[in-house]
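Here is the structure we will look at, set down as structure tokens.
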Amino acid sequence: MSSTDDRRFEVLRAIVADYVSTQEPVGSKALVERHNLGVSSATVRNDMAFLESEGYIAQPHTSSGRVPTDKGYRQFVDRIADVKPLSTAERRAILDFLESGVDLDDVLRRGVRLLAQLTRQVAVVQYPTLSASSVRHLEVVALTPARLLLVLITDSGRVDQRIVELGDVLDDEDLARLRGLLGGALDGKRLAAASIAVSELADEAPEDLRDAVIRSATVLVETLVEHPEERLVLGGTANLTRNAADFSGISGFPGSLRAVLEALEEQVVVLKLLAATQDAGTVTVRIGEETQVEQMRGTSVISTGYGAAGTVLGGMGVLGPTRMDYPGTIASVAAVARYIGQVLAER
């Protein structure tokens, strides 16, 4: 890349930095005063004119400074050389906070709350998808001779407890046989395959246990089916109100705060944005129209996958106005996702 292109990118980088910091359009005089660009004001004005003609910056009002466009933010993000790393103390604090979670739900809620605090944006995490989870263990406990407690534990840390009402009483020997049948059908299987295996178990069960197997299988199949209302955890939605002006369209970005909030309520929209995040460790940045969601054209979504033992369990990330601290947000999303995966892998 030529020195002229490098210089113009430095001007663009300075405009992004100032606009993210001040939320005010940036003029050439301010750039020269605040940044050591090593060129005259006239050169900066010429570079800004070029950047505007190429669509990297725009002038929201007559006689005002310039603001980055979606294209400008994309150029800036694509050329981020150094993402600010978290300090050792910050990383230790994140891990300690997540490790204090008592179960999967608590770990995910803590992760969302932490990510919202670190980035001052809306944080979202997807519950582990069933297609990626496997049954780690099924425990069958007799509450009474005619009532069982089934405890299903997955490798992602999900724990479900269900009650089974039996038609007949079971003694200890029958309970052990039932436990062996159900565990043998489920242990180690992906949840989708486990639901099929347990539904077919009744045909193979001994006659004297068939009723107990059918009742248990019915409860388990229901447990193994995905519950859409449990798919997402959101945190920091109130952070959007701090940046309400970013969604007013004054900077050339269509959409409104209300439209963004309505889109967040439709969880399928957010799930679609996270679904494309397949790799843990790879952070994806979608800016403005790249979200392909009309209500979110004034937002950016920074997301990644989290997982354990080489398996991606779900997606997580943050959503906020296009005017955001991209280097810091990318670092925070990557760190929290990595540590959530680490915590789940150790359980």
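The values are calculated or read from the model by the stated rules, or taken from the named source; none is laboratory data. Remember, predicted model here, so these are calculated numbers, not experimental data. Note: ideal-geometry Cβ built from the backbone for every residue, glycine included; neighbour counts use all protein chains shown. Just so you know, the surface numbers come from the protein's heavy atoms only, side chains and all, with ligands and any DNA or RNA stripped out. Shrake-Rupley method; radii C 1.70, N 1.55, O 1.52, S 1.80 Å.
Going through (1) in a helix (DSSP H, G or I); (2) at pLDDT below 90; (3) open to solvent by less than 20 Å² (accessible area, probe 1.4 Å) one by one, Gly101 falls short only on (1).
Can you say whether Leu178 is touching a strand residue (DSSP E or B) at 6+ places or on another chain (Cβ under 9 Å), more than 30 Å from Gly317 (Cβ to Cβ) and in a helix (DSSP H, G or I), as far as the supplied structure shows? When the stated conditions are applied, Leu178 passes them.
Within the range 165-188, being open to solvent by 70 Å² or more (accessible area, probe 1.4 Å) and under 15 Å from Val135 (Cβ atoms) holds for Arg179, Asp187. Is it true that Gly111 is open to solvent by less than 60 Å² (accessible area, probe 1.4 Å) and in a loop (DSSP other than H, G, I, E, B)? Taking the combined requirement at face value, the residue does not satisfy it.
Okay, residues lined up against (1) touching a residue at least 60 places away in the same chain (Cβ under 8 Å); (2) within 21 Å of Leu104 (Cβ to Cβ); (3) among the small types (Gly, Ala, Ser):
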{"site": "Asp171", "(1), (2), (3)": "no, no, no"}
{"site": "Leu178", "(1), (2), (3)": "no, no, no"}
{"site": "Leu182", "(1), (2), (3)": "no, no, no"}
{"site": "Ala202", "(1), (2), (3)": "no, no, yes"}
{"site": "Pro206", "(1), (2), (3)": "no, no, no"}
{"site": "Arg215", "(1), (2), (3)": "no, no, no"}
{"site": "Leu240", "(1), (2), (3)": "yes, no, no"}
{"site": "Phe247", "(1), (2), (3)": "yes, no, no"}
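Taken over the range 167-186, the criterion of being under 16 Å from Arg215 (Cβ atoms) and out of contact with any Pro (no Cβ under 8 Å at 6 or more places or on another chain) is satisfied by Gly167, Asp168, Asp174, Leu175, Leu178, Arg179, Leu181, Leu182, Ala185, Leu186.
Conditions tested, residue by residue: (1) open to solvent by 10 Å² or more (accessible area, probe 1.4 Å); (2) closer than 20 Å to Val233 by Cβ; (3) over 11 Å from the mean Cα position of the chain (by Cα).
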{"position": "Glu289", "(1), (2), (3)": "yes, no, yes"}
{"position": "Gln292", "(1), (2), (3)": "yes, no, yes"}
{"position": "Met324", "(1), (2), (3)": "no, no, yes"}
{"position": "Val343", "(1), (2), (3)": "no, yes, yes"}
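Taken residue by residue, the range 237-252 has at least one member that is at pLDDT 85 or above and within 16 Å of the chain's Cα centre (by Cα). Quick check: is even one residue across the range 302-311 surrounded by fewer than 20 Cβ atoms within 10 Å (Cβ to Cβ) and not in a strand (DSSP E or B)? Yes, because at least one residue in the range 302-311 is surrounded by fewer than 20 Cβ atoms within 10 Å (Cβ to Cβ) and not in a strand (DSSP E or B). Assess whether Gly183 counts as being touching a Lys or Arg at 6+ places or on another chain (Cβ under 8 Å) and outside the structural domain of Thr311 (by the TED database). So Gly183 does not fit the description; no. Looking at Thr284, Thr277, just one residue is surrounded by 13 or more Cβ atoms within 10 Å (Cβ to Cβ), in contact with a Gly (Cβ under 9 Å, 6 or more places away or on another chain) and at pLDDT 80 or above, and that residue is Thr284.
Scanning the range 38-56 for residues that are free of Cβ contacts under 8 Å to residues at least 40 places away in the same chain, in a helix (DSSP H, G or I) and not acidic (Asp, Glu) yields Ser41, Ala42, Thr43, Val44, Arg45, Asn46, Met48, Ala49, Ser53. Counting the residues of the range 307-343 that are touching a Pro at 6+ places or on another chain (Cβ under 9 Å) and modelled with pLDDT of 90 or more gives 4.
For the range 120-131, the condition holds for no residue, the condition being that it is modelled with pLDDT of 85 or more and over 25 Å from the mean Cα position of the chain (by Cα).
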